[in-house]
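Data block below; observations after.
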Amino acid sequence: MKRVIPVLSLGALLLTALPAHATDTGLTHRDSYGTKAVYSPTLEHARAGGPPSGQNPRTYRQPPAGYTAVFTENVSRHGSRSATDGEDGDTILALWNQAQADGQLTARGKKFGPDVQALEAAMSAVGYGNLSGRGKDELRATAVRLDKRLPSLFSSIAKNGEKIDVVSSGQGRAVDSGTVFATALTDADPALKASVGTARVDKNLLYFHKSAGGADYQKWLASDERLASTLTSVTDQPASHRAAARVLARIFEPAFVQRIVNGEFASTADDITAATAVYNLYAIAPAMSEESPDGKGWDFDRYIAPRDAAWFGYLGDAEDFYEKGPSFSDSDITYKMAQPLLDDLFEQVEAKRDGTSTLGAELRFTHAEEIIPLAALMRLPGSEKAATPGRTYTYADNPWRGAEVASLASNIQWDVFKKGDDYLVRMLYNEKEIAFKAGCRPISKHSTFYDLNELEKCFDRS
């Protein structure tokens, strides 16, 4: 049955308010980008419509007297990148070309096609799925801040001939992220050049969602009926069709939007698919800012209103929440496969304590598909709450936001400090000191330092 939206009602659609779960007061403009949000850990992040995800360097807490930094390790998502393929551009340009031939483009829509073509050309030049200029800058800056945050550690690494291990998933953007990060670290501190070993690949550890260790997950993702029906109910609802009509009405004349809604171009895209393509180009554009004609960014905000970007951002977050994150409260299928990565975090620290490691730093580079499950497994802020069966994930009743959990270049870091035979661990999430999960006791109230023995007990490593 065709969905008929009378042409004369399209103006009314533009005035339709979003449901509460998309306009929750905690929602920021940055959240509209989901996991495509660029990494901006300081003031720039706040200017983008969100709270600073990082921390003022002057406010990092110092370890107790007598403790010195002896090791650091991270798990980092690759930096900003181009889209992984040109499908969205191809989809919406097919409709745009037809509308142009039919004289059905709005004044704004006439600019849309050339803008999409220019963005697609820039992404093709970078290479689909590859790091963009901004992505490289994100990683360089993070590496320099790491060096400045732990100067005595890196001085000790160079002096004592310790090693810095760089490991990635083996995917091009993750490999390149490790290379850019390590190069920036040694550029900032040339004495470290002899310490950086040959980068290596560990797919089982850092691409587990597509490795043998994720076999059960892959089967669940492809065949679970509850997952499929939940995601369909989230996406294919009246609010999505209304938002889609508003997005398309910015580009196409009302009669052409009606033709899309009626299914005339079903072989190309329906209304939601077409609007999602517009949204996806909007979402990836900031990651490609340095490749824009003037190097200052692409103006794709004019093609989607903030409330509609928020809605499609919510749809993307819902998919990531259920497929990769906390998901359903009665299942751990989405994140239990991250256990080997959490184990590796502990094993690296324990090897340092036991005197069996010559590493001063372990640097890992991976993907959102690994960061999101790891955050859920560790119960990091924003990843603690799963959805109760029968109750759909919404912004109004769940703090999970893709932009905060796993933005581009997001990272989790553990710093290790030693005094005699005692070892303390501090965790940073996107360069901000945070507490470990509930039940883990810091060395004192409000401290961000934890005794390693306490963490082993808290995470049941007996």
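Key figures
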| item | result |
| --- | --- |
| Charge dipole (debye, nearest 20) of the range 94-247; +1 at Cβ of Lys and Arg, -1 at Cβ of Asp and Glu | 320 |
| Percent RCO, i.e. relative contact order, over the range 320-462, from Cα pairs under 8 Å lying at least 6 residues apart | 20 |
| Sparsely packed trypsin sites (Lys or Arg not before Pro) within the range 133-201, loop by DSSP, other Cβ within 10 Å at most 14 | 193 |
| Estimated inter-spin distance, residue 437 and residue 128, nm [label 7 Å along Cα→Cβ] | 3.8 |
| Cβ-Cβ FRET estimate between residue 397 and residue 354, R0 fixed at 51 Å, reported to 0.05 | 0.70 |
| Selected from 241, 280, 213, residue furthest toward positive end of dipole (the range 148-284; charges at beta carbon) | 213 |
| Per-residue SASA entry for residue 29, accessible area with 1.4 Å probe, Å² rounded to 10 | 80 |
| Distance (nanometres) between label positions extended 7 Å along Cα→Cβ at residue 188 and residue 141 | 1.2 |
| Electrostatic dipole magnitude of the range 380-446 [Cβ: Lys, Arg +1; Asp, Glu -1; Cα centre; debye, to 20] | 180 |
| For the chain, share of DSSP beta bridges that run antiparallel, in % to the nearest 5 | 60 |
| Accessible-area composition of the chain, carbon plus sulfur, in percent [1.4 Å probe] | 51 |
| Solvent-accessible heavy-atom area per residue, rounded to whole Å², over the range 80-126 at 1.4 Å | 44 |
| Where labels lie 7 Å past Cα in the beta-carbon direction, separation of residue 456 and residue 235 in nm | 4.7 |
| Tensor-based shape of the range 136-175 (alpha-carbon gyration tensor, a/c under 1.5 rounded, otherwise prolate or oblate) | oblate |
| Cβ-based charge dipole, the chain, positive-most Cα from 446, 390, 125 | 446 |
| Pairwise centroid distance, computed over Cα atoms, of the range 73-127 with the range 276-345, Å | 16 |
| Surface per residue (accessible, 1.4 Å probe) for the range 143-298, Å² | 43 |
| Solvent exposure ordering (accessible area, 1.4 Å, most first) of 265, 346 | 265, 346 |
| Contour excess over end-to-end distance, with Cα ends at residue 111 and residue 339 and 0.36 nm allotted per residue | 77.3 nm |
| Residue-averaged 222 nm ellipticity for the chain, from DSSP H runs of 4+ at -39500 (n - 2.57), nearest 500 | -13500 deg cm²/dmol |
| Charge dipole magnitude, Cβ of K and R +1, D and E -1 - the range 344-414, Cα centre, debye nearest 20 | 240 |
| Which labelled figure in [x] 77, 48, 40; [y] 102, 49, 40; [z] 84, 58, 43 is Cα extents along the principal axes in Å, once derived from the coordinates | [x] |
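The values are calculated or read from the model by the stated rules, or taken from the named source; none is laboratory data. Worth saying up front: this structure is predicted, and the values here are computed from it rather than measured. Please note: Cβ atoms are built from the backbone with ideal geometry, for glycine as well, and neighbour counts cover all protein chains shown. All accessible areas refer to the heavy atoms of the entire protein, side chains included, with ligands and DNA or RNA removed. Shrake-Rupley method; radii C 1.70, N 1.55, O 1.52, S 1.80 Å.
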